[in-house]
Amino acid sequence: LEKLAAAPDANVLVVEGEKTVDAAEALLPDWVVVTWPGGAKRAGRKDTDWTPLRARRVWVWPDADDVGKSAALTVAEILEGLR
């Protein structure tokens, strides 16, 4: 949340996992990179608050496997519902 507040106009990238956040931050220093807790199979859990991403420019980047793609689609659907 601190990163989002500090960069209100930055693009946001949603990725799977903390290691991927770290790698993406190194490659995209002007973006805010976030993930959700619990890994791919928990992408749609109800206790993750996605509302801080409402009205932001958000990209969802899946891991390159079926589970990762499914998680990315789940997150994208959740974010679409915030519009």
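Any chance region 19-32 includes a residue that's touching a helix residue (DSSP H, G or I) at 6+ places or on another chain (Cβ under 6 Å), free of Cβ contacts under 8 Å to residues at least 40 places away in the same chain, on the phi < 0 side of the Ramachandran plot and not in a helix (DSSP H, G or I)?
yes
Can you tell me which residues in region 4-18 are aliphatic (A, V, I, L, M), within 14 Å of the chain's Cα centre (by Cα) and part of a helix (DSSP H, G or I)? Step through it out loud before you land on a result.
First pass over region 4-18, keeping only residues aliphatic (A, V, I, L, M): 4-7, 10, 12-15.
So of that shortlist, the ones also within 14 Å of the chain's Cα centre (by Cα) come out as 4, 10, 12-15.
Selection gives L4 alone.
Could you list, in sequence order, the residues of region 52-67 that are open to solvent by less than 100 Å² (accessible area, probe 1.4 Å) and under 18 Å from W31 (Cα atoms)?
Taking region 52-67 first, the residues open to solvent by less than 100 Å² (accessible area, probe 1.4 Å) are 52-53, 56, 58, 60, 62-63, 65, 67.
The answer is P52, L53, R56, V58, V60, P62.
Of all residues in region 68-83, which are open to solvent by 40 Å² or more (accessible area, probe 1.4 Å), within 13 Å of the chain's Cα centre (by Cα), more than 22 Å from K3 (Cα to Cα) and of a type outside the set (D, E, K, R)?
L73, T74
Any chance region 15-23 includes a residue that's of a type in the set (D, E, K, R), touching a Gly at 6+ places or on another chain (Cβ under 7 Å) and modelled with pLDDT of 95 or more?
Start the filter on region 15-23 by keeping residues that are of a type in the set (D, E, K, R), which leaves 16, 18-19, 22.
Then keep just the ones that are touching a Gly at 6+ places or on another chain (Cβ under 7 Å); that gives 16.
Applying the additional criterion that residues be modelled with pLDDT of 95 or more yields 16.
Yes, that holds for at least one residue.
Collect the residues in region 60-75 that are within 10 Å of G44 (Cα to Cα), without any contact (Cβ under 8 Å) to a residue 60 or more places away in the chain and in contact with a strand residue (DSSP E or B) (Cβ under 7 Å, 6 or more places away or on another chain), keeping them in residue-number order.
A72
Filtering region 33-51 down to residues that are open to solvent by 40 Å² or more (accessible area, probe 1.4 Å) and either touching a residue at least 12 places away in the same chain (Cβ under 8 Å) or in contact with a Pro (Cβ under 7 Å, 6 or more places away or on another chain) (or both), which residue is nearest to P62 (Cα to Cα)?
Step one: filter region 33-51 for residues open to solvent by 40 Å² or more (accessible area, probe 1.4 Å), giving 37-38, 41-42, 45-47, 49, 51.
Of the ones still in play, those that are also either touching a residue at least 12 places away in the same chain (Cβ under 8 Å) or in contact with a Pro (Cβ under 7 Å, 6 or more places away or on another chain) (or both) are 41, 51.
Details: K41: 13, T51: 20 Å.
Out of the qualifying residues, it is K41.
Kindly provide the set of residues from region 33-58 that are more than 13 Å from the chain's Cα centre (by Cα), among the charged types (D, E, K, R) and either modelled with pLDDT of 95 or more or assigned to a loop (DSSP other than H, G, I, E, B) (or both), ordered by number.
Listed by number, the residues that qualify are R45, K46, D47.
The values are calculated or read from the model by the stated rules, or taken from the named source; none is laboratory data. Everything numeric in this text was worked out from a predicted model, so none of it was measured. FYI the Cβ positions are ideal-geometry reconstructions off the backbone, even for glycines, and counts take in every protein chain you see. Quick note on the areas: whole protein, heavy atoms, side chains included, nothing else; ligands and nucleic acids left out. Shrake-Rupley method; radii C 1.70, N 1.55, O 1.52, S 1.80 Å.
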